[in-house]
């Protein structure tokens with residue numbers, strides 16, 4: 001005995017169970033009586049069960065048993081004394097062995113003190129295969145018990161290994177669009193067949209997309225491991241001949257030492273599996289294998305279909321060229337290899353213009369010719385893929401691309417169907433080392449590089465460098481921070497800028513403007529408002545402003561008791577969402593904001609955004625809320641829109657005011673806008689007033705109201721009443737506001 005193990009060898013076989021040669025059944029004997037150890041070893045000396053020798057592991061306590069079995073994966077049977085260091089030590093060991101992961105092990109209890117653990121309650125409450133007194137467990141009964149328990153153990157192991165194979169096959173279904181789908185399926189086939197036959201020798205699975213293609217190794221075990229991608233013929237000519245001479249069937253076949261199966265899908269794909277068996281296959285095993293073969297056939301049919309769909313997912317259906325999915329897949333592989341290499345976006349042509357001029361067929365031929373030029377220039381190591389209309393993406397893992405090479409490849413004109421088509425390509429090249437370390441961010445930046453923030457000029461070939469990447473990183477950081485702060489309102493503040501009567505200087509209202517500070521940096525609205533609109537956060541920001549406005553308006557009435565009216569900007573991103581007006585009206589009611597307290601400003605884009613935003617504005621106006629048209633004259637406004645939409649006020653954009661003087665006032669568009677609003681019975685507010693001359697000119701032409709740095713900058717809402725005297729002024733500035741470039 002060595003290290004508590006007694007090994008009993010016998011080469012004879014007296015069973016139809018045929019395990020792999022040389023293996024032994026591990027048997028655990030736990031008893032605090034060493035005489036029991038000796039007696040057990042003597043009783044089963046020279047015994048083999050189902051062709052295997054027995055390897056006995058002895059332990060004198062539950063703790064010792066757990067220590068000795070900690071590293072054992074296959075423990076067939078454990079015979080455990082119930083009463084050892086404690087009266088129920090054996091029962092506790094049963095629980096511990098299961099918790100240790102030995103779920104298939106068959107457990108037998110024996111005791112010399114039956115009264116300590118009544119047999120009926122033990123059998124009922126514990127998962128055991130037998131409960132005997134030591135006197136009952138004679139040599140004959142012991143061998144019979146071990147034979148029965150080992151048979152049950154082996155059958156359970158077969159089912160467990162079969163389940164593992166099925167899990168691999170099911171796993172391939174969860175990885176539909178990865179390249180190793182068929183490999184995972186093949187691994188499942190080998191694992192399951194090996195489990196059914198109880199072998200662990202050599203085997204392989206090979207396949208081809210059609211009968212005309214060569215069979216290539218998909219996966220292998222034993223001496224066939226590591227041959228993935230090689231042809232079946234160069235790996236094993238005998239198996240290649242076996243495959244060629246067989247026919248597709250759900251019936252497994254024997255040839256020499258190999259068991260083979262061949263399958264063909266409706267799409268013409270072939271699958272051939274061969275396993276070298278180290279023992280004769282029993283009729284029972286063949287029956288199981290036939291049943292499993294039908295499952296393999298169905299699974300292979302599904303996998304073949306999925307592979308075809310997968311190929312289609314990586315191919316543009318119109319041009320039959322690699323698509324954006326293929327580009328991203330190649331980029332993933334390049335990122336796995338390291339920081340070297342480039343990616344590029346090449347704009348070959350304005351696709352729609354080419355279609356309009358030369359037709360679809362000619363334009364498609366142009367794109368295919370351009371693809372051929374790029375692949376010839378880039379070489380086999382690069383992936384060229386269609387990433388947009390008239391545009392290709394290139395993944396160059398070896399960093400061979402240069403702007404001049406792209407220019408040279410594409411600068412020549414194209415001759416298609418005797419039509420000469422001029423080329424004016426442009427490209428953007430990005431170094432992989434400039435991508436963020438995070439894989440998801442890297443893919444996003446790479447995709448962003450294909451639609452660059454600075455548009456490449458025709459025939460320009462430029463680098464998309466660190467400046468653009470840092471700009472993207474900042475935008476990403478601000479987006480995440482704004483999402484967080486829009487939920488907690490951290491860093492957000494509402495500012496007010498006064499609106500005044502240009503004749504009297506009286507403050508007649510204010511415009512609410514949002515400010516955002518993050519990490520002691522004030523982020524301008526021109527930067528964070530587009531981010532909020534793109535990420536669906538504007539409603540939350542509007543709610544924040546409305547809440548502040550409601551509290552301030554109620555606390556700051558005019559001298560005559562009337563509330564100061566505050567203007568709030570509405571985002572087109574919200575107005576384009578059906579139901580926004582209904583939500584807004586509910587919030588206004590909940591906050592106690594009545595029409596005299598608040599009005600809303602919308603941009604000219606509303607006129608070009610369809611009926612949804614227009615109907616929502618009409619719904620607000622129907623409830624009595626005033627609607628102002630902001631930045632008039634810079635977008636799509638027309639007299640027809642002014643007549644059709646429920647605007648009460650038009651705001652003249654600051655771009656018309658900035659160059660206004662007394663000398664040019666009569667020829668200014670401001671005069672036209674003021675006259676038009678007067679004709680339509682609307683109020684008019686001029687934005688961006690920074691000088692007395694501008695105010696005087698606007699007053700002369702009849703504009704009644706204005707706002708700008710001349711009257712005051714935006715200030716925090718809490719400071720507004722103190723900074724601006726909320727009483728009529730006799731003239732001059734309402735508050736000191738030194739002129740700047742523009743109001744925020």
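The values are calculated or read from the model by the stated rules, or taken from the named source; none is laboratory data. Given the structure is predicted, the values throughout are model-derived calculations rather than measurements. So basically every Cβ, Gly included, is an ideal-geometry build from the backbone, and we count neighbours across all protein chains shown.
At a glance:
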read-out	value
Index of the failed condition, residue 415 passing every other in (1) touching a helix residue (DSSP H, G or I) at 6+ places or on another chain (Cβ under 8 Å); (2) under 21 Å from residue 364 (Cβ atoms); (3) part of a strand (DSSP E or B)	(1)
Residue in region 186-213 that is surrounded by the fewest Cβ atoms within 10 Å (Cβ to Cβ), counting only those that are modelled with pLDDT of 75 or more and within 13 Å of residue 269 (Cβ to Cβ)	213
Members of region 362-385 found to be part of a helix (DSSP H, G or I) and without any contact (Cβ under 8 Å) to a residue 40 or more places away in the chain, listed by number	363, 372, 373, 374, 375, 376, 377, 378
Residue check, residue 631 on the phi > 0 side of the Ramachandran plot and either in contact (Cβ under 8 Å) with a residue 40 or more places away in the chain or over 35 Å from the mean Cα position of the chain (by Cα) (or both)	yes
Residue 699 being at pLDDT below 90, surrounded by 14 or more Cβ atoms within 10 Å (Cβ to Cβ) and assigned by TED's automatic domain parsing to the domain that holds residue 570	no
Every residue from region 704-744 that is at pLDDT below 90, surrounded by 14 or more Cβ atoms within 10 Å (Cβ to Cβ) and assigned to a helix (DSSP H, G or I)	721, 723
Residue 547 being assigned by TED's automatic domain parsing to the domain that holds residue 574, assigned to a helix (DSSP H, G or I) and touching a helix residue (DSSP H, G or I) at 6+ places or on another chain (Cβ under 9 Å)	yes
Residue 372, sole failed condition from (1) at pLDDT below 90; (2) surrounded by fewer than 18 Cβ atoms within 10 Å (Cβ to Cβ); (3) within 33 Å of the chain's Cα centre (by Cα)	(1)
Residue list for region 268-327, filter: at pLDDT 70 or above, in contact with a helix residue (DSSP H, G or I) (Cβ under 8 Å, 6 or more places away or on another chain), in a helix (DSSP H, G or I) and over 24 Å from residue 232 (Cβ atoms)	313, 325
Residues of region 326-353 classified as surrounded by fewer than 17 Cβ atoms within 10 Å (Cβ to Cβ) and over 19 Å from residue 364 (Cβ atoms), total	7
Matching residues, region 655-690, being buried (at least 19 other Cβ atoms within 10 Å of the Cβ), touching a strand residue (DSSP E or B) at 6+ places or on another chain (Cβ under 9 Å) and in a helix (DSSP H, G or I)	656, 657, 670, 673, 674, 677
Pick from region 49-61, criterion outside any strand (DSSP E or B) and modelled with pLDDT of 90 or more, ranking: farthest from residue 88 (Cα to Cα)	60
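Okay, residues lined up against (1) outside any helix (DSSP H, G or I); (2) surrounded by 15 or more Cβ atoms within 10 Å (Cβ to Cβ); (3) at pLDDT 90 or above:
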residue	(1), (2), (3)
37	no, yes, yes
42	no, no, no
47	yes, yes, no
73	yes, no, no
